[in-house]
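Novice: Before anything else, here's the structure in question.
The values are calculated or read from the model by the stated rules, or taken from the named source; none is laboratory data. In this text, all values refer to a predicted model and were calculated from it rather than measured experimentally. Methodologically, a virtual Cβ is constructed for each residue, glycine included, from the backbone with ideal geometry; neighbour enumeration extends over all protein chains shown.
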Amino acid sequence: MESSEACSHPAIGGVSAYTETPSTTEAIGDCGAVPLDRLSLFGLLAVTAMLVCYALEDRHRWFVLAFSVSCALGSLYGFLQGAWPFGVIEAIWAGVAARRWWLRRSP
């Protein structure tokens, strides 16, 4: 695509050329962009929260709880998008992190 051409993809700000849900090929169009659906955005936010909270766990025990919650959200995402093994593993991680949070509480 030359720089003088405008991208007509609706996610980039162009006008939609289709009325029904497009296939991946139709969605890519002429500019190479793939639209991000709500479920994928939810998964992206859940996994990003997991990474951030995991990195900050040593700063305060509440980050361990936030990691547990974000793992539970990642598990929900896995089940919703049909990757049940991912959902099961994330649910286990949520439980492990919740236990670590509980054990870190002040005496």
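Novice: Only one of LEU56, LEU80, LEU51 is in contact with a Gly (Cβ under 9 Å, 6 or more places away or on another chain) and on the phi < 0 side of the Ramachandran plot. Can you tell me which?
Specialist: LEU80
Novice: Being surrounded by fewer than 17 Cβ atoms within 10 Å (Cβ to Cβ) and hydroxyl-bearing (Ser, Thr, Tyr) is the filter here, so list the residues in region 63-107 that pass it.
Specialist: Passing the criteria: only SER106.
Novice: Go through (1) at pLDDT below 95; (2) surrounded by 11 or more Cβ atoms within 10 Å (Cβ to Cβ); (3) assigned to a helix (DSSP H, G or I) and name the single condition SER16 misses.
Specialist: Looking at each condition in turn, SER16 falls short on (3).
Novice: Can you pull out the residues in region 69-107 that are part of a loop (DSSP other than H, G, I, E, B) and not small (Gly, Ala, Ser)?
Specialist: GLN81, ARG104, ARG105, PRO107
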